[in-house]
1. Restricting to the range 158-182, name every residue that is among the charged types (D, E, K, R) and touching an Asp or Glu at 6+ places or on another chain (Cβ under 9 Å).
2. For the range 245-292, give me every one of the strands (runs of 3 or more DSSP E) that falls completely inside it and has 1 or more residues that are within 15 Å of the chain's Cα centre (by Cα).
3. Hey, among the residues in the range 159-191 that are under 18 Å from the mean Cα position of the chain (by Cα) and touching a residue at least 60 places away in the same chain (Cβ under 8 Å), which one's farthest from R43 (Cα to Cα)?
4. Find the residue count for the range 130-151, including only residues that are β-branched (V, I, T) and in contact with an Asp or Glu (Cβ under 7 Å, 6 or more places away or on another chain).
5. Say whether the condition of being assigned to a strand (DSSP E or B), touching a helix residue (DSSP H, G or I) at 6+ places or on another chain (Cβ under 9 Å), of a type in the set (A, V, I, L, M) and in contact (Cβ under 8 Å) with a residue 60 or more places away in the chain is met by at least one residue in the range 196-204.
6. Based on what the data block shows, is A345 surrounded by 15 or more Cβ atoms within 10 Å (Cβ to Cβ) and either closer than 26 Å to Y69 by Cα or in contact with a Ser or Thr (Cβ under 6 Å, 6 or more places away or on another chain) (or both)?
7. Looking at Q269, is it crowded, with 18+ Cβ neighbours inside 10 Å, farther than 30 Å from S218 by Cα and modelled with pLDDT of 95 or more?
8. Is it the case that the range 82-105 has a residue that's within 14 Å of V238 (Cα to Cα) and surrounded by fewer than 21 Cβ atoms within 10 Å (Cβ to Cβ)?
Amino acid sequence: MSTLRATNLQHASASSPAIVLASDSTATAQLSSLNGGALAGARNRIINGDMRIDQRNAGASVTGNNSVYTVDRWVIAASQNSKLTVQQNAGSVTPPVGFVNYLGITSSSAYTVPVGELFNVCQFIEGFNTADLAWGTANAKSVVLSFWVRSSLTGTFGGAFTNNAQDRSYPFSYSISSANTWEQKTITVAGDTTGTWLTNNSSGIKLWFGLGVGSTNSGTAGAWAAAQYLSATGATSVVGTNGATFYITGVQLEPGSVATPFERRSYGQELALCQRYFQKVGAYARQTGAATNATTLCVPVPTPVTMRATPSFSGSVTQMKSYNAGGVTISSATYSVLGIHDAQAEISIGNLSITDNVTYWVSFNASSLSAEL
């Protein structure tokens with residue numbers, strides 16, 4: 001083996017070297033991009049890809065029914081209820097090196113998936129975060145998906161990328177060769193040059209991992225199609241085996257064709273990214289509001305980050321009082337969100353018997369705001 005000795009590496013037409021080599025075996029490089037994307041930060045378009053944020057469930061197991069959110073930003077799509085259980089760190093296995101958490105899915109029965117049914121775990125990525133990929137144009141960029149996966153089953157598994165309308169899809173497949181063993185997978189996808197791919201606060205790209213998808217919603221892996229395909233044809237069905245497990249973590253989607261190491265953000269950064277879509281209103285958090293008429297109270301609730309859209313409110317208040325009068329009956333109260341401005345959500349509490357233009361304080365039960373895609 002020979003050694004090439006030089007002091008600089010420079011293109012023939014460049015005015016300065018791209019790499020300057022020092023005598024102490026170090027080098028200085030002038031980089032305009034990393035793998036066609038950002039040099040540092042904001043490479044990974046997946047939020048909570050390491051599955052560490054779990055605001056809703058705090059590590060508890062949930063039944064994987066349709067539209068049930070598990071750890072933050074990851075949602076179940078299911079044609080039938082009660083076929084799956086989902087939990088952060090289910091089974092308490094050791095995660096891959098460098099990770100602490102994973103999303104664990106367990107089949108609750110041996111279910112034969114009919115042709116038109118589907119079971120997936122998904123993340124829908126906001127269009128603002130994928131606009132630079134230019135999908136749907138002649139300048140569409142390639143992306144690379146990487147993740148760690150472990151299953152009690154072996155064979156070929158599937159997933160897909162789709163647009164918001166789910167009329168453009170790219171099924172993909174990957175193999176798990178050893179049962180109950182963490183394996184890292186990498187999938188490169190050429191960007192779609194046709195179709196409508198949203199670049200606003202709606203879903204820009206939807207990522208689906210198949211857990212059992214019927215033939216109607218399965219397509220040929222490795223090719224774009226003008227159809228709703230949510231997995232690859234012939235993929236293994238997790239829900240088809242009672243007690244089968246599917247664990248996943250370290251999910252990263254980035255521009256380019258070469259997977260880079262998982263982008264690690266601080267806990268505070270990752271939590272803030274999640275709170276754009278879901279945030280908790282702490283139990284017994286006390287806020288003041290003004291009566292807008294004799295039946296409705298408007299209560300501003302601070303939001304730590306700007307939410308994607310006007311959220312829905314889930315929860316209730318435990319008590320409500322004015323500063324110069326007694327308590328208010330709240331057993332029949334109704335709740336809605338009027339909007340978000342000045343870093344707060346305006347929650348309207350109706351069906352009350354109160355005094356117009358009087359200030360009241362309220363204590364919220366464990367409640368939440370959701371602006372999920």
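1. Hit for the range 158-182 is R168, nothing else.
2. The qualifying strands (runs of 3 or more DSSP E) are 245-255, 278-281.
3. Q166
4. Qualifying residue count, the range 130-151: 3.
5. No: the range 196-204 contains no residue that is assigned to a strand (DSSP E or B), touching a helix residue (DSSP H, G or I) at 6+ places or on another chain (Cβ under 9 Å), of a type in the set (A, V, I, L, M) and in contact (Cβ under 8 Å) with a residue 60 or more places away in the chain.
6. It is true that A345 is surrounded by 15 or more Cβ atoms within 10 Å (Cβ to Cβ) and either closer than 26 Å to Y69 by Cα or in contact with a Ser or Thr (Cβ under 6 Å, 6 or more places away or on another chain) (or both).
7. When the stated conditions are applied, Q269 does not pass them.
8. yes
The values are calculated or read from the model by the stated rules, or taken from the named source; none is laboratory data. What you see is a predicted model, and the numbers here were worked out from it, not measured in a lab. Backbone-built Cβ (ideal geometry, glycine too); neighbour counts: all protein chains shown.
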